[in-house]
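The values are calculated or read from the model by the stated rules, or taken from the named source; none is laboratory data. These figures come from a predicted structure and were not determined experimentally. In this analysis, Cβ positions are derived from the backbone assuming ideal geometry, glycine residues included, and neighbour counts consider all displayed protein chains. What goes into the accessible areas is simple: the full protein's heavy atoms, side chains included, and nothing from ligands, DNA or RNA. Shrake-Rupley method; radii C 1.70, N 1.55, O 1.52, S 1.80 Å.
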Amino acid sequence: MSRTDHRGTSPARLKSHAAARNREPILAVLVEVMPARARVLELASGSGEHGLHFASAMPGWQWQPSDVDSHSLASIEAWRATSGPDNLRAPIRLDATGDWPGETFDAIVAINLIHISPWEVTEALMARAGEHLAAGGTLYLYGPYRREDRHTAPSNAAFDEDLRRRDARWGVRDLEAVVEAAMPHGLTLETVVEMPANNLSVVLRRQ
């Protein structure tokens, strides 16, 4: 499930080419859909570069990174220790299907998680977001999606096949199915933003 590509100058710091490419477009959407002051939980933080970039850009966001992978957690902490701002918290080990922190967040962010995990993770994410998001809070999802039973690009279809070869439980999800899974937990679709490389920003709001 790793989204990192190679190691940075520190042995623990991982670097992701994808994060370097998409962090600015993602930040532009987050700034539009989240308040300037917010408590944010990021799932599957990977190398930690997204959280570092977003927390540095928005000092009013208290950013809580998390992951299940030990190498990713070490990388997140290494980036935080060397160049992280005060509003970037120490990472926590968090499995979406397990126990979550006992606090409420204004936003939950999951970048490239839905398609690189079993469907049960999506179901758990929706249930927990319904419990841990403040009223009016934002659930932000980023990644490739199918729409109306079709891939949005040939490259996404090829990526879907590769994911399913790696793990039959993974795959590019139907956006409609994701939105439907969110609805019983008080989450409704607010907007979908087309992003570079045939990805989508999917913004849901807790009512």
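Quick look at the values:
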quantity: Beta bridge orientation in the range 59-162: antiparallel %, DSSP, nearest 5; calculated: 20 percent
quantity: Point-charge dipole on Cβ atoms (K/R +1, D/E -1) for the range 21-60, about Cα centre, debye to 20; calculated: 80 debye
quantity: Dipole magnitude (debye, nearest 20) for the range 1-126, charges at Cβ of Lys, Arg, Asp, Glu; calculated: 480 debye
quantity: Neighbour net charge for Pro118 - beta-carbon separation under 14 angstrom, K R +1, D E -1; calculated: 0
quantity: Label-zone membership for the range 170-196, site Trp119, 7 angstrom Cα→C-beta point, backbone N under 19 Å; calculated: 170-185
quantity: Amide hydrogen neighbours beyond the local backbone of Trp61, cut-off 5 Å, H modeled; calculated: Ala38
quantity: Nitroxide proxy distance, nm - points 7 Å out along Cα→Cβ at Ala135 and Asp95; calculated: 3.4 nm
quantity: Residues Glu161 and Thr188, FRET efficiency given R0 of 45 Å [Cβ-Cβ distance, rounded to 0.05]; calculated: 0.90
quantity: With at most 13 other Cβ atoms within 10 Å, longest stretch of the chain clear of loop trypsin sites (Lys or Arg not before Pro) (DSSP); calculated: 38-168
quantity: Other-chain or far-sequence residues with amide H under 5 Å of Ile92's (modelled H); calculated: Ser66, Asp67
quantity: Of the GluC sites (Glu not before Pro) in the range 112-207, those whose Cβ has at most 14 other Cβ within 10 Å and which sit in DSSP loop; calculated: Glu148
quantity: The range 36-48 - phi-based ³J(HN,Hα) in whole Hz, Karplus 6.51/-1.76/1.60, Gly and Pro as x; calculated: 5, 10, 7, 9, 10, 10, 9, 8, 6, 5, x, 5, x
quantity: In sequence order, calculated HN-Hα J values of the range 80-88 (Karplus, 6.51, -1.76, 1.60; Hz; x Gly/Pro); calculated: 5, 5, 8, 8, x, x, 5, 8, 9
quantity: The range 72-113 - charge dipole about Cα centre, Lys and Arg +1 at Cβ, Asp and Glu -1, debye rounded to 20; calculated: 160 debye
quantity: Most positive-pole-ward Cα, Phe159, Asn198, His185, against dipole of the range 155-207 from beta carbon charges; calculated: His185
quantity: The chain - Debye-derived log10 I(q)/I(0), Cα point model, q = 0.08, 0.13, 0.17 Å⁻¹; calculated: -0.24, -0.67, -1.21
quantity: Whole-Hz ³J(HN,Hα) from phi, Karplus 6.51 cos²θ - 1.76 cosθ + 1.60, for the range 16-24, glycine and proline x; calculated: 10, 4, 4, 4, 5, 6, 9, 5, 6
quantity: Amide H contacts of Arg173 (H built 1.01 Å from N, under 5 Å, at least 5 apart or other chain); calculated: Arg146
quantity: Paramagnetic label zone (point 7 Å from Cα along Cα-to-C-beta, Thr104; backbone N under 17 Å) in the range 162-202; calculated: 186-187
quantity: Heavy-atom accessible area per residue - the chain, 1.4 Å, Å²; calculated: 45 Å²
quantity: Percent accessible area from carbon and sulfur atoms, the chain, protein chains only, probe 1.4 Å; calculated: 50 percent
